[in-house]
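Input: a single structure, listed below in structure tokens.
Since every read-out is calculated from the coordinates, none of them should be taken as a lab result. Small disclaimer: the values here were computed from a predicted structure and weren't measured. Neighbour counts run over all protein chains shown; Cβ positions are idealised from the backbone, glycine included.
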Amino acid sequence: MTEARAAAARAHSPGEQADRAVVVEGPGRVTVREEPRTPLPAGAFRVTTLFSGVSAGTELSYVKGTNPFLAERWDTGLGLFVPGDPDAGYPITRLGYMEVGTVAESRTPAIRVGGTVAMTYGHRTGYAGDPIADRVIPLPADLDPLLGIYVAHMGPICANGLLHAAADAHGPGVRSLSDGVRGRQVVVIGAGVVALLTALLSRRHGAASVVLLDPTPRRRAAARALGLEALDPEGPEDVAAILKTRWRHAPGDRGADVVFQCRGQAAALHLALRVTRPQATVIDLAFYQEGAAELRLGAEFHHNGLGIRCAQIGRVPRGLSPAWDRERLSAETIDLLRADGPAIREHLVTAMVPFENAPELLTDLAARRRHELQAVLIFGPA
């Protein structure tokens with residue numbers, strides 16, 4: 001057992017009577033609350049947390065107060081946001097979806113004590129899980145447990161983006177994530193965590209070229225450290241013209257074969273449309289917290305006959321669910337982490353913050369007083 005696992009086990013032993021969890025009490029108000037433990041029922045297991053990754057998108061939208069679930073009700077039958085009591089309200093007691101923990105107790109033969117697992121139960125010191133209701137991904141012994149923060153949810157989000165690109169190219173005949181990117185020119189808009197993992201997956205699955213476009217020097221530097229090409233879309237040269245000059249398919253047919261849009265800004269989506277070759281599709285993984293008022297659908301989108309396809313982890317492409325589920329997407333993530341894990345840890349993880357400092361970290365990130373590529377909450381020594 002590593003020092004971090006041992007420390008977590010000591011801090012959250014079965015004899016402890018309470019767990020602590022990050023709670024958003026209102027916009028800009030984050031705290032840590034103590035929650036009493038209940039006896040572990042038959043068939044359940046208890047995890048003590050080692051690491052919990054912070055999402056700069058979904059999580060901060062609750063801290064900022066911009067998440068649409070705070071304002072409207074989601075009608076699952078219609079697939080519409082409709083007037084009525086919102087689905088979410090303060091306090092938000094379950095925040096976060098990138099957890100790694102050690103199984104401290106188990107009353108089910110399906111989960112063994114001492115195993116390290118990736119889950120999605122929020123920033124908290126411990127959690128009582130149900131092997132039927134919860135996603136539980138055992139982490140292989142040869143994988144750095146810190147990288148397990150990407151296995152249950154974040155990595156599958158990115159792998160699902162490639163799956164959507166494959167479905168766009170091959171319909172229901174997809175056999176591999178490579179089907180959407182192998183031998184193709186790929187652009188990734190952004191150089192945050194989702195963008196970088198998507199770019200690395202594209203490279204691993206045989207893309208001819210992978211170019212990231214991001215205005216932040218620090219993020220471009222991280223991309224280059226990972227061996228990826230990164231350009232500044234706000235530089236003196238028009239990056240769309242550069243890439244369309246570089247990539248010629250036929251007369252009047254220039255640009256990227258596949259574009260993954262990973263920045264939640266309308267201007268970024270407009271850039272994605274500008275670099276895409278005619279009749280191609282932008283695979284959109286972004287979360288637009290402020291809408292898309294700057295989007296100009298009367299320009300390249302209209303004149304080049306482009307498509308925009310939203311790829312979110314809530315569903316895989318139509319017709320692929322029998323063969324492609326989240327477990328398979330998690331397995332693809334583990335393969336990527338085995339191949340590029342040391343570089344990912346070195347260049348993506350920019351802050352490791354004690355759990356007790358989570359409120360300050362989250363409020364600073366939401367207010368843009370602090371900028372991190374990937375912040376990780378740690379429970380015990382790193």
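Bridges between two residues of the range 158-310, per DSSP, are antiparallel at a rate of about 10%.
Dipole of the range 158-310 (Lys/Arg Cβ +1, Asp/Glu Cβ -1, origin at the Cα centre): which of Leu269, Gly183, His164 lies farthest to the positive side? The residue sitting most towards the positive pole is Gly183. Extension gain, Ala241-Asp87: 0.36 nm per intervening residue step, less the Cα-Cα distance, totals 51.0 nm.
For the range 145-243, run through the trypsin sites (Lys or Arg not before Pro) and keep only the ones in DSSP coil with at most 11 other Cβ atoms within 10 Å of their Cβ. Loop-located and lightly packed - Arg175.
Between Ala343 and Arg112, residue separation times 0.36 nm minus the direct Cα-Cα distance comes to 80.1 nm.
Once the Cβ-Cβ distance between Ala267 and Glu327 is put in as r, and R0 is 25 Å, what FRET efficiency do you end up with, to the nearest 0.05? For Ala267 and Glu327, the calculated efficiency is 0.10. When the convex hull of its Cα atoms is viewed from all sides, the range 158-310 shows a mean projected area of 8.6 nm².
In a fully extended conformation the segment linking Asp232 and Arg175 would gain 17.1 nm over its present Cα-Cα distance, using 0.36 nm per residue. Note on the range 117-133 and the range 307-326: Cα centroid distance 24 Å, given to the nearest whole angstrom.
Considering only Ala44, Ala323, Ala272, the Gaussian network model of the chain with Cα springs below 10 Å gives its largest mean-square fluctuation to Ala323.
Loop-located GluC sites (Glu not before Pro) in the range 287-363 (DSSP state other than H, G, I, E, B) with a sparse environment of at most 13 neighbouring Cβ atoms within 10 Å: Glu290, Glu294. Each residue of the range 91-100 was assigned a 3J(HN,Hα) from its phi angle through the Karplus curve 6.51 cos²θ - 1.76 cosθ + 1.60 (θ = phi - 60°); the sequence is x, 8, 9, 10, 10, x, 8, 10, 9, 10 Hz, with glycine and proline shown as x.
Annotation: amide H-H contacts under 5 Å for Val353 (H modelled 1.01 Å from N, sequence separation of 5 or more, or interchain): Val376, Leu377, Ile378.
When mean projected area of the Cα convex hull in nm² is computed from the coordinates, the matching label among (1) 16.3; (2) 19.5; (3) 18.5 is (2). Charged neighbours of Glu72, selected by a Cβ distance under 15 Å, balance to -2 (K, R count +1; D, E count -1). Per residue, the convex hull spanned by the alpha carbons of the range 44-117 comes to 136 Å³.
Remark: the range 158-310 carries a charge dipole of roughly 460 debye about the Cα centre, counting +1 on each Lys and Arg Cβ and -1 on each Asp and Glu Cβ. Entry note, the chain: the mean residue ellipticity at 222 nm calculated from DSSP H runs of n ≥ 4, each adding -39500 (n - 2.57), is -8500 deg cm²/dmol after division by the residues and rounding to the nearest 500. Beta bridges per DSSP, both residues in the chain: antiparallel share near 60 percent. Here is the result for the range 60-160: no GluC sites (Glu not before Pro) lie in DSSP coil with at most 10 other C-beta atoms within 10 angstrom of their C-beta. Applied to the range 24-39, the Karplus parametrisation 6.51 cos²θ - 1.76 cosθ + 1.60 on θ = phi - 60° returns per-residue 3J(HN,Hα) values of 9, 7, x, x, x, 10, 10, 9, 10, 10, 8, 10, x, 7, 9, x Hz, with x for Gly and Pro. Taking the centroid of alpha carbons for each part, the range 214-234 and the range 37-78 are 31 Å apart.
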